[in-house]
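Comments concern the structure below.
The values are calculated or read from the model by the stated rules, or taken from the named source; none is laboratory data. This structure is a prediction, so every number in the text was calculated from the model and none was measured. Virtual Cβ from ideal backbone geometry, glycine too; neighbours counted across all protein chains shown.
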Amino acid sequence: MANQLRVTAIMQRPNTSVKFPAVTDELTTYQQVNYINTGKLVSKDTHISPDKLSKTLISTFASQADYDTYKTDDTIKTNFTARDQYCRDNNMTLNVLLQEIDSAGNALSSKVVKLV
């Protein structure tokens, strides 16, 4: 079995009056049909910190290739561009941790990317 890729995106907002970027129903449906139903995206979880200033999204892809397909998908890229601009406009930070994981969930490699 190929190693999976865990993508952990952490958004931080300056205060609770700034909303986190919205995820449209259309995007959720698109992800479901094209990535979850096909087994490319094997899990998605969202957590909000106790102080409500950080939102963590954890997505696990079946393989690096599946993640590469996802991040170069025009629909996904359009959403990412809008999200990143929203974060910049609202003084938010967005950092992403990419981890190759084995079948037991152990991290084999890690890379941090600051997007905004």
Could you check segment 78-114 and list, in sequence order, the residues that are among the polar types (S, T, N, Q), exposed (fewer than 14 other Cβ atoms within 10 Å of the Cβ) and farther than 19 Å from ARG13 by Cα? THR78, SER103, ASN106, SER109, SER110
Scanning segment 89-114 residue by residue, those over 17 Å from the mean Cα position of the chain (by Cα), of a type outside the set (Ser, Thr, Tyr) and not in a strand (DSSP E or B) turn out to be ASP89, ASN90, ASN91, ASP102, ALA104, GLY105, ASN106
Quick one: would you say ASN15 is of a type in the set (S, T, N, Q), outside any strand (DSSP E or B) and under 27 Å from ASN90 (Cα atoms)? yes
So ASP68 clears everything in (1) in a helix (DSSP H, G or I); (2) touching a residue at least 24 places away in the same chain (Cβ under 8 Å); (3) under 19 Å from SER110 (Cβ atoms); (4) not hydrophobic (A, V, I, L, M, F, W, C) except one condition, right? Which one? (2)
Suppose we filter THR60, THR38 for residues that are over 20 Å from LYS114 (Cβ atoms), among the β-branched types (Val, Ile, Thr) and out of contact with any strand residue (DSSP E or B) (no Cβ under 6 Å at 6 or more places or on another chain); which single one remains? THR38
From the set of residues in segment 19-65 that are in a strand (DSSP E or B) and of a type in the set (Val, Ile, Thr), which is farthest from ASN95 (Cα to Cα)? VAL42
Boolean, SER63 is buried (at least 16 other Cβ atoms within 10 Å of the Cβ), of a type in the set (Gly, Ala, Ser), within 22 Å of GLN12 (Cα to Cα) and touching a residue at least 40 places away in the same chain (Cβ under 8 Å): no
Check LEU5 against each of (1) in contact with a helix residue (DSSP H, G or I) (Cβ under 8 Å, 6 or more places away or on another chain); (2) assigned to a helix (DSSP H, G or I) and name the one condition it does not meet. (2)
With respect to the numbered conditions (1) part of a helix (DSSP H, G or I); (2) touching a helix residue (DSSP H, G or I) at 6+ places or on another chain (Cβ under 9 Å); (3) modelled with pLDDT of 95 or more; (4) not charged (D, E, K, R), which one is the sole condition not fulfilled by PHE80? (3)
